[in-house]
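K.L.:
Structure in structure tokens, see below.
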Amino acid sequence: MDEEHEILNITIKPQFEKDHHYSLQIKYNGILNDKSKGFYRSQVIQRGQVVGYIATTYFEPTYARLAFPCWDEPAYKAKFDISLTHDKTLQAISNTDVLKKEEKDDMITTSFKETRLMSTYLVAFVVSNYEFKVDKDGNFTYRVWTRKTMIKHVDYALEMGRELLEELNLYMNISYQTYMPDKLDQIAEKDFPVGAMENWGFVIF
């Protein structure tokens, strides 16, 4: 392990052969940190007081490696199958729509549809007790998430966000749904380290 450069060197014996496919499986323990990068706890503030936390991600430029082993460079892309196991009182969100939920005791495993081919820094997931309002048009779903006490204030964000998406489709002459046909979620966090993060299907700011 090269800790200075955050690189794990793996020696393979025998050597790989050309035109063969190989699978690499790694068991690891991740850390939910408080450093506002990787997979971390974000404070929920109400009237100037910390009233709770949500688990969230910020992977740009190379912080995905703090959450899971990966080739954490923009040039390397992959499709991701994401499953999150969490308390059944909480909600899980990720880049794609929910594929299935499996409940066991007081926990739920939320599995998501496979992502498109993308860089690691655009992977995103959140576990929280937030609520949402939704605008659904045919097979496309647009959601805005916030804490329960603020849910009555998201109507404007829901309306304008959908209108802006349609205007961008016209301006760019490219439909968002060509690349992400199912949904777009957005969520605001009190201590997000940058202005916003343009994750596929899930904007965090």
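The values are calculated or read from the model by the stated rules, or taken from the named source; none is laboratory data. Note that the structure is a prediction, hence the values are computed from the model and not measured. In this analysis, Cβ positions are derived from the backbone assuming ideal geometry, glycine residues included, and neighbour counts consider all displayed protein chains.
Here's the yes/no breakdown for (1) surrounded by fewer than 18 Cβ atoms within 10 Å (Cβ to Cβ); (2) more than 21 Å from residue 118 (Cα to Cα); (3) in contact with a helix residue (DSSP H, G or I) (Cβ under 6 Å, 6 or more places away or on another chain):
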| residue | (1), (2), (3) |
| --- | --- |
| 156 | yes, yes, no |
| 163 | yes, yes, no |
| 175 | yes, no, yes |
| 199 | no, no, yes |
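K.L.:
Every residue in the range 77-106 that is in a loop (DSSP other than H, G, I, E, B), within 23 Å of residue 179 (Cα to Cα) and polar (S, T, N, Q), please. Before the answer, list the steps.
P.N.:
We begin by selecting, within the range 77-106, every residue in a loop (DSSP other than H, G, I, E, B); these are 79-82, 88-90, 95-97, 105-106.
Within this subset, residues satisfying the condition of being within 23 Å of residue 179 (Cα to Cα) are 79-82, 95-97.
Correct list: 95, 96.
K.L.:
Pick out the one residue from 94, 83, 111 that is under 27 Å from residue 164 (Cβ atoms) and among the hydroxyl-bearing types (Ser, Thr, Tyr). Step through it out loud before you land on a result.
P.N.:
Values: 83 fails: under 27 Å from residue 164 (Cβ atoms); 111 fails: under 27 Å from residue 164 (Cβ atoms).
Among 94, 83, 111, only 94 is under 27 Å from residue 164 (Cβ atoms) and among the hydroxyl-bearing types (Ser, Thr, Tyr).
K.L.:
Which of (1) surrounded by 13 or more Cβ atoms within 10 Å (Cβ to Cβ); (2) assigned to a helix (DSSP H, G or I) does residue 170 not meet, given it meets every other one?
P.N.:
The failed condition is (1).
K.L.:
Now a separate question. Residues of the range 71-98 being at pLDDT below 95 and crowded, with 18+ Cβ neighbours inside 10 Å, which ones?
P.N.:
Within the range 71-98, just 72 meets the criteria.
K.L.:
Taking the options 123, 127, name whichever one is under 29 Å from residue 40 (Cα atoms), touching a residue at least 60 places away in the same chain (Cβ under 8 Å) and either small (Gly, Ala, Ser) or touching a His at 6+ places or on another chain (Cβ under 8 Å) (or both).
P.N.:
Numbers: 123 fails: either small (Gly, Ala, Ser) or touching a His at 6+ places or on another chain (Cβ under 8 Å) (or both).
None of the other options fit; the residue is 127.
For every residue, the table says whether it meets (1) surrounded by fewer than 11 Cβ atoms within 10 Å (Cβ to Cβ); (2) out of contact with any strand residue (DSSP E or B) (no Cβ under 7 Å at 6 or more places or on another chain); (3) not β-branched (Val, Ile, Thr).
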{"position": "100", "(1), (2), (3)": "yes, no, yes"}
{"position": "103", "(1), (2), (3)": "yes, yes, yes"}
{"position": "114", "(1), (2), (3)": "no, yes, yes"}
{"position": "134", "(1), (2), (3)": "no, no, no"}
{"position": "147", "(1), (2), (3)": "no, no, yes"}
{"position": "159", "(1), (2), (3)": "no, yes, yes"}
{"position": "180", "(1), (2), (3)": "no, yes, yes"}
{"position": "183", "(1), (2), (3)": "no, no, yes"}
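K.L.:
Against the condition touching a residue at least 40 places away in the same chain (Cβ under 8 Å), touching a helix residue (DSSP H, G or I) at 6+ places or on another chain (Cβ under 6 Å) and more than 19 Å from residue 132 (Cα to Cα), how does residue 64 come out, does it pass? Step through it out loud before you land on a result.
P.N.:
Numbers: touching a residue at least 40 places away in the same chain (Cβ under 8 Å): yes; touching a helix residue (DSSP H, G or I) at 6+ places or on another chain (Cβ under 6 Å): yes; more than 19 Å from residue 132 (Cα to Cα): yes.
So residue 64 passes the test.
K.L.:
From the list 162, 143, 147, which residue is modelled with pLDDT under 95 and either under 19 Å from the mean Cα position of the chain (by Cα) or among the β-branched types (Val, Ile, Thr) (or both)? Reasoning before the result, please.
P.N.:
Details: 162 fails: either under 19 Å from the mean Cα position of the chain (by Cα) or among the β-branched types (Val, Ile, Thr) (or both); 143 fails: modelled with pLDDT under 95.
None of the others qualify; the one that does is 147.
K.L.:
Separate question: Restricted to the range 57-76, and to residues that are of a type in the set (Gly, Ala, Ser) and assigned to a loop (DSSP other than H, G, I, E, B), which residue is nearest to residue 27 (Cα to Cα)?
P.N.:
To start, the set of residues in the range 57-76 that are of a type in the set (Gly, Ala, Ser) comprises 64, 67, 75.
Next, from what is left, pick out any that are assigned to a loop (DSSP other than H, G, I, E, B): 67, 75.
Numbers: 67: 13, 75: 25 Å.
Filtering first and then ranking leaves 67.
K.L.:
Given the criterion out of contact with any Phe, Trp or Tyr (no Cβ under 6 Å at 6 or more places or on another chain), hydrophobic (A, V, I, L, M, F, W, C) and in a loop (DSSP other than H, G, I, E, B), identify the matching residue among 45, 54, 26. Full working, then the answer.
P.N.:
Numbers: 45 fails: in a loop (DSSP other than H, G, I, E, B); 54 fails: in a loop (DSSP other than H, G, I, E, B).
The unique qualifying residue is 26.
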